[in-house]
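Step one of this worksheet: look at the structure below.
The values are calculated or read from the model by the stated rules, or taken from the named source; none is laboratory data. Values in this document were obtained by computation on a predicted structure and should not be read as measured data. Every residue, glycine among them, receives a Cβ derived from its backbone with ideal geometry; neighbour counts consider all protein chains shown. Protein only, heavy atoms only, side chains kept; ligands, DNA and RNA dropped before computing areas. Shrake-Rupley method; radii C 1.70, N 1.55, O 1.52, S 1.80 Å.
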Amino acid sequence: MGLAKGFGVTFRQMGAANRVTVPYPQQKRDKPERLHGRHVLNRYEDGMEKCIGCELCAGVCPAKCIYVRGKDNPEDHPVSPGERYGFVYEINYLRCIHCDLCVEACPTEAITETKLFEFSFANRQDAIYTKDELLVDDDGRAQRMPWEHWEGHEDTHTSAWMRATSSGGRADYENRVNWSGELGVGVRAPEQGQHAPAAPVATVATDATNAHGSDDHGQAHH
Ligand code: SF4
Ligand code: SF4
């Protein structure tokens, strides 16, 4: 009797409605909005590169897998709107753990992550992505390498998440557009779903922020 009862539990789980396994890769589930996939180097709407070669991403990377070299922009043909640009940029995907700390650290939103994680390499050289491979194309889309398997919006959905912390430590930045315009995309809609803390907590947080000399916009007073 106990056995039949046990099998009954099993058979109840066999209906189509209960099925959790899908035939991969013919059928893929939608990726979460904040999934961290293969990176891209973004460009502004006028085509200029966002990277200014500051090397903050390389400095913060816990896996030490980013290599950047900055260089002064040529006066007659600047690559970025800043003083400098990244003339060498490499990410070693044999080391990257997709933590997105590089994205958090980047002051210009130059480096972001797509939703692509299905890529494999036959040699170590292919695993080290160069700037030419990471830079978005003239339509603002991620370039597709032969060893990558892209689906749906994995190449367009690259920057639709807000930073985990606002610059001023404030939580109530929901619906504020933090991203600058991107080539082929424009200014992205803000991510939904973050909520300011309950009022008492918000009051404490605001007081603490002001105690450290910040105004309502999270800017520090010096
Ligand atoms: S996602 Fe993390 S590990 Fe990968 S390059 Fe960025 S900082 Fe380094
Ligand atoms: S990607 Fe961002 S953090 Fe890294 S060098 Fe370029 S501007 Fe600096």
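With θ taken as phi - 60° and the Karplus curve 6.51 cos²θ - 1.76 cosθ + 1.60 applied, the whole-hertz 3J(HN,Hα) list for segment 67-72 is 10, 10, 10, x, 8, 4 Hz, x standing for glycine and proline. When peptides 137-146, 41-50 are sorted by average Cβ neighbour count within 10 Å, with the highest value leading, the order is 41-50, 137-146.
Amide H contacts of H39: T114, each under 5 Å away and 5 or more positions distant or on a separate chain (H built 1.01 Å from N in the peptide plane; Pro and chain starts excluded). All other residues whose Cβ lies under 9 angstrom from that of K50 are scored, Lys and Arg at +1 and Asp and Glu at -1, for a net of -2.
Ligands, DNA and RNA left out, the 1.4 Å accessible surface of segment 1-148 is 54% carbon and sulfur atoms.
Only lysine pairs 8 or more places apart or on separate chains count here, and in segment 7-105 those with Cα atoms under 30 Å apart total 4. Close amide-amide hydrogen proximity is noted between Y93 and I128, Y129, each under 5 Å apart and 5 or more residues distant or on a separate chain (H modeled in the peptide plane; Pro and chain starts excluded). For V9 and L35, a Förster radius of 30 Å and the Cβ-Cβ distance give a FRET efficiency of 0.35, rounded to the nearest 0.05. Report relative contact order for segment 31-162 in percent, whole number only (criteria: Cα-Cα under 8 Å, sequence separation at least 6). Computed over segment 31-162, the figure is 31 percent.
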